[in-house]
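Enquirer: Before anything else, here's the structure in question.
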Amino acid sequence: MKSTGFLATAALLFGFLGLFGPSGKTFHLTAGKMVPAATGTVNVSKDTNNGNLKLDIKVKNLALPGSLTPPANDYIVWLEPYAEHGNPVKQGALGVDGKLNGELKTETTSKNFNVIVTAEKTATATAPSDTVVLHGHVAD
């Protein structure tokens with residue numbers, strides 16, 4: 001009986017410690033009404049050198065920004081700290097190819113945040129527009 005309890009405790013402990021380990025964890029993004037066919041994931045792993053979270057954001061079936069109403073020129077990825085209620089921080093432009101797929105890799109020191117993908121008139125946007133095409137939450 002004791003060995004079963006030990007194994008369960010060890011498995012639980014290693015599960016918590018390995019949550020964002022080399023294999024990471026995947027969080028799903030929810031599509032907005034403008035792009036109902038779009039899907040997205042955020043694959044999260046821990047950078048073993050500095051403890052930051054490495055994010056690999058992938059989207060599929062995301063319409064080209066110029067085909068939206070009103071049309072946009074770029075998709076921008078923002079990270080919004082959740083617990084601190086901080087301002088969204090721009091991570092970069094999310095390009096979409098001819099097959100309507102896209103990917104952006106980035107890192108963050110945050111452990112609890114919202115991922116927001118917005119359609120923007122320009123890649124130089126300094127704050128997210130109200131045109132949210134995908135969104136989700138990542139928590140440690």
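Enquirer: Where the second residue is surrounded by 15 or more Cβ atoms within 10 Å (Cβ to Cβ) and basic (Lys, Arg) and the first is more than 12 Å from Val77 (Cα to Cα) and lies in the range 118-140, which pairs have Cβ atoms under 9 Å and are six or more apart or on separate chains?
Expert: Every condition considered, the pairs that remain are Val138/Lys25; Val138/Lys111; Ala139/Lys111; Asp140/Lys111.
Enquirer: Starting from residues that are of a type in the set (Gly, Ala, Ser) and under 18 Å from Asn52 (Cβ atoms), keep the ones in the range 97-140 and report whichever is surrounded by the fewest Cβ atoms within 10 Å (Cβ to Cβ).
Expert: Filtering the range 97-140 down to residues of a type in the set (Gly, Ala, Ser) leaves 98, 102, 110, 119, 123, 125, 127, 129, 136, 139.
From the residues that got through so far, the ones that are under 18 Å from Asn52 (Cβ atoms) too are 110, 139.
Details: Ser110: 21, Ala139: 14.
Step by step, filter the range 97-140, then rank; the result is Ala139.
Enquirer: Here is a further query. For Pro88, all conditions in the list (1) at pLDDT 95 or above; (2) surrounded by fewer than 18 Cβ atoms within 10 Å (Cβ to Cβ) hold save one; what is the number of the exception?
Expert: So the condition that Pro88 fails would be (2).
Enquirer: Restricting attention to the range 89-107, which residues are over 11 Å from the mean Cα position of the chain (by Cα) and in contact (Cβ under 8 Å) with a residue 40 or more places away in the chain? Reasoning before the result, please.
Expert: The first filter runs over the range 89-107 and keeps only residues over 11 Å from the mean Cα position of the chain (by Cα), leaving 89-90, 92-102.
Selection gives Leu100, Asn101, Gly102.
Enquirer: Moving to a separate point now. Provide a single number: the residues in the range 112-137 that are assigned to a strand (DSSP E or B) and of a type outside the set (Gly, Ala, Ser).
Expert: We begin by selecting, within the range 112-137, every residue assigned to a strand (DSSP E or B); these are 112-120, 132-137.
Now drop any that are not of a type outside the set (Gly, Ala, Ser), which leaves 112-118, 120, 132-135, 137.
Final tally of qualifying residues: 13.
Enquirer: Val42: modelled with pLDDT of 95 or more and over 15 Å from His137 (Cα atoms), yes or no? Break it down into steps so the answer makes sense when it comes.
Expert: Working: modelled with pLDDT of 95 or more: yes; over 15 Å from His137 (Cα atoms): no.
Taking the combined requirement at face value, the residue does not satisfy it.
Enquirer: State all residues of the range 66-85 that are of a type in the set (Ser, Thr, Tyr) and either surrounded by 15 or more Cβ atoms within 10 Å (Cβ to Cβ) or under 21 Å from the mean Cα position of the chain (by Cα) (or both); if no residue qualifies, say none.
Expert: As a first pass, look at the range 66-85 and keep what is of a type in the set (Ser, Thr, Tyr): 67, 69, 75, 82.
If the condition is that a residue be of a type in the set (Ser, Thr, Tyr) and either surrounded by 15 or more Cβ atoms within 10 Å (Cβ to Cβ) or under 21 Å from the mean Cα position of the chain (by Cα) (or both), then Tyr75, Tyr82 are the ones that fit.
Enquirer: Residue by residue through the range 88-111, note down the ones that are part of a strand (DSSP E or B), farther than 17 Å from Ser129 by Cβ and among the charged types (D, E, K, R). Can you show your working first?
Expert: Pass one, the range 88-111, residues part of a strand (DSSP E or B): 89-93, 102-108.
Next, only the ones that are farther than 17 Å from Ser129 by Cβ stay: 102-108.
If the condition is that a residue be part of a strand (DSSP E or B), farther than 17 Å from Ser129 by Cβ and among the charged types (D, E, K, R), then Glu103, Lys105, Glu107 are the ones that fit.
Enquirer: Continuing with this model, one more query. Counting only residues that are within 16 Å of Glu103 (Cα to Cα), assigned to a loop (DSSP other than H, G, I, E, B) and either of a type in the set (Gly, Ala, Ser) or touching a Lys or Arg at 6+ places or on another chain (Cβ under 7 Å) (or both), how many does the range 42-71 have?
Expert: Going through the range 42-71 one residue at a time, the tally reaches 1.
Enquirer: I'm checking my understanding of the structure. Among residues of the range 72-84 that are assigned to a loop (DSSP other than H, G, I, E, B) and farther than 13 Å from Val115 by Cα, which one is modelled with the lowest pLDDT? Steps first, answer last, please.
Expert: Taking the range 72-84 first, the residues assigned to a loop (DSSP other than H, G, I, E, B) are 72-73, 82-84.
The next check asks that each one be farther than 13 Å from Val115 by Cα; those that pass are 72-73, 83-84.
Values: Ala72: 98, Asn73: 97, Ala83: 72, Glu84: 65.
Going through the qualifying residues, I end up with Glu84.
The values are calculated or read from the model by the stated rules, or taken from the named source; none is laboratory data. In this text the structure is predicted, and so the values were computed from the model without any measurement. Heads up, the Cβs are rebuilt from the backbone with ideal geometry, glycines too, and the neighbour counts pull from every protein chain shown.
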